[in-house]
Amino acid sequence: MTTTPPSPSGRTTRADRMAQPTTRDAVRAVAENHGACLRPIQLRRTNTATGEVDQVLIPCGSTLADVCPPCAERAKELRAAQCREGWHLDTEPITDPPPPDEVQAMWVEYRARAQVDRDHAAQTGDNTVELDELIGELDQEIKRSGLRGKADPGRPKPRRQRSTRRRQDAPDLPKRKISPHTIGKTYTARDGKTFRPSMFITLTCPSYGKVGEDGTPADPDNYDYQRAARDALHFAALFDRFIQNLRRVLGYDVQYFATIEPQKRLAPHIHIAIRGTVSRAELRQIIAATYHQVWWPPPGTVRFDGNHLPVWHEPSGRYLDPDTGELLTEWDDALDAIGPGDDPMHVARFGAKFDAQGVLANSRDSGRCIGYLTKYLTKQLGDCHHPETPAQQEHVDRLAEALRFEPCSPTCANWLRYGIQPKNPRAGLVPGACKGKAHRRDHLGYAGRRVLVSRKWSGKTLADHRGDRKAWLTEMLGLPATDPATYRWEPVQPSDDDYLPPARRLLHAVADRLHWEQALTEARRRARDALADELSANGRAA
Ligand SMILES: [Zn+2]
Ligand SMILES: [Zn+2]
């Protein structure tokens, strides 16, 4: 780095001073280098036995690099650890749950009887309010006794009769009974070594029109933005279908760790680590047979637009036609109007292009793939590819415009545009201004979670993985695993005497980190020395 020498008088100019880095930036840079959170949260901790008070800074925990790079990096590493741990698992991660104990069985029996009484009352036209209440209480008891899920998952909503036409058609694939195991096949090589390969698969959306190297359409007017928008909106559901079909074809409970990110053309694609393997031919067949039908009312023609919009009617809790004063079509009625000869509003499919490779445990490939899988996790979808040219900016704008008026869900305000009451309507809905995440520019139509992990991947939640890391550290540092003292925790407000302003908090966070790193280095050195001692002792004994 070159700096201008001070003038002979010893004075510096304003320009010279401006060229010097600020201390504030330097503190942030040092914090980042040491992985200290840039926006630590201050908590006051009171030992309830001794009354001793101290200040504890906890990391903000953001997953976004433009909010807090160190926290986002840590979150990404945690995901990578989760991905690594489940990919090549060779024992089943979750053993089957035990049968219900006596208390659980008792509540379930009560619940069964109450259901029969209630259904009988309903059939004979009697009032079911009390029995419904009883059932609600029994459900609570069942939950308290440690059982997951519900005895009658559909209970709160009255069942609607649906035409069979509206169900998902079965894909053209072999139907195999799915066995409950989650681990892929083991292969034995000639030399007797066994290996269990897993796979890394990337699925994309179909083409919406030819695009160039920069991801922008060759012919923007004929690029199918509507289809692109709808596919993005229903991408998570389509992936769900794919997994169902994959399991059906492979005949076992295939597990996955998947991340969703945009391609340059701004369509989502998905990287999937699966445990076990599937042949390319089977994969091609499954992709071709996988689709998701969206049975929503056909949006049809735009009936209300600009300032000409449906009016909220408070007494009925519904929207009215501003011209006739009539109620708009109910959501359920619009659904029922879909006839047996009608097509679904949208059918989402994957593109024919896919990528698949076998990966062996702990290989260089496996590390590289995990890198791919977690690459963009610290960014919002819309921030993965910054528009740099006018053409790219235009492409973003056109997609955003298509997404603006596309219904994102049954409750979306955009249904009003087509004269349909959204499901569960409320006051203040304006077409084109739905608050749903999918419409936001930084989501590119995809509102779901970025990381999709099947339940039996590593048999652990993200919190469990976090716990693993903490346990490792506590052991490494020789800290007591549990602190017997009990504490009261409170957030510290700016008006409090012990409040630390952000700049001072950051200095504390850096010092904490340095202290920690030192302790860890020291612990590692001790462990190495102990190992060396042991080895030389063994050497002497031999
Ligand atoms: Zn942070
Ligand atoms: Zn919406």
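The values are calculated or read from the model by the stated rules, or taken from the named source; none is laboratory data. Computed from a predicted structure; not experimentally measured. No Cβ is skipped: glycine too gets one built from the backbone with ideal geometry, and neighbour counts run over all protein chains shown.
Some observations on this one:
- Pairing each residue of region 452-465 that is assigned to a helix (DSSP H, G or I) with any residue that is crowded, with 18+ Cβ neighbours inside 10 Å, provided the two are 6+ apart or on different chains, yields C-beta distances under 7 Å for Leu462/Leu78; Leu462/Gln82; His465/Leu78; His465/Ala81; His465/Gln82.
- Qualifying residue in region 495-503 (condition: within 16 Å of ligand 1 (Cβ to nearest atom), surrounded by fewer than 17 Cβ atoms within 10 Å (Cβ to Cβ), part of a helix (DSSP H, G or I) and within 31 Å of the chain's Cα centre (by Cα)): yes
- With respect to (1) within 16 Å of ligand 1 (Cβ to nearest atom); (2) in contact with a Ser or Thr (Cβ under 6 Å, 6 or more places away or on another chain), the lone exception for Gly351 is condition (1).
- Positions within region 184-209 being touching a helix residue (DSSP H, G or I) at 6+ places or on another chain (Cβ under 8 Å) and without any contact (Cβ under 8 Å) to a residue 60 or more places away in the chain, in sequence order: Tyr208, Gly209
- Checking every residue in region 312-331 against the condition of being surrounded by fewer than 16 Cβ atoms within 10 Å (Cβ to Cβ), of a type in the set (Ser, Thr, Tyr) and either within 30 Å of Asp214 (Cβ to Cβ) or in contact with an Asp or Glu (Cβ under 7 Å, 6 or more places away or on another chain) (or both) gives zero matches.
- Residue count for region 23-68, restricted to those that are near ligand 1 (Cβ under 8 Å from one of its atoms) and not hydrophobic (A, V, I, L, M, F, W, C): 5
- Restricting attention to region 187-208, the residues that are in contact with a strand residue (DSSP E or B) (Cβ under 6 Å, 6 or more places away or on another chain) and either outside any loop (DSSP other than H, G, I, E, B) or exposed (fewer than 15 other Cβ atoms within 10 Å of the Cβ) (or both) add up to 10.
- Helices (runs of 4 or more DSSP H) contained entirely in region 324-426, each with at least 2 residues that are touching a helix residue (DSSP H, G or I) at 6+ places or on another chain (Cβ under 6 Å), away from ligand 2 (no atom under 16 Å from the Cβ) and of a type outside the set (Gly, Ala, Ser): 364-374
- Here is the figure for region 309-323: residues that are among the basic types (Lys, Arg) and part of a loop (DSSP other than H, G, I, E, B) total 0.
- Residue count for region 466-495, restricted to those that are touching a Lys or Arg at 6+ places or on another chain (Cβ under 9 Å) and either small (Gly, Ala, Ser) or modelled with pLDDT of 80 or more (or both): 9
One line per residue, one yes/no per condition, for (1) closer than 18 Å to Leu233 by Cβ; (2) surrounded by fewer than 21 Cβ atoms within 10 Å (Cβ to Cβ); (3) at pLDDT 90 or above; (4) among the hydroxyl-bearing types (Ser, Thr, Tyr):
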residue	(1), (2), (3), (4)
Asn414	yes, no, yes, no
Arg417	yes, no, yes, no
Pro425	no, no, yes, no
Gly428	no, yes, yes, no
Arg441	yes, yes, no, no
Gly448	yes, yes, no, no
Val451	no, yes, yes, no
Ala463	no, yes, no, no
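- Test set (1) more than 24 Å from Lys76 (Cβ to Cβ); (2) more than 10 Å from ligand 2 (Cβ to nearest atom); (3) touching a helix residue (DSSP H, G or I) at 6+ places or on another chain (Cβ under 7 Å) - Val451 fails condition number: (1)
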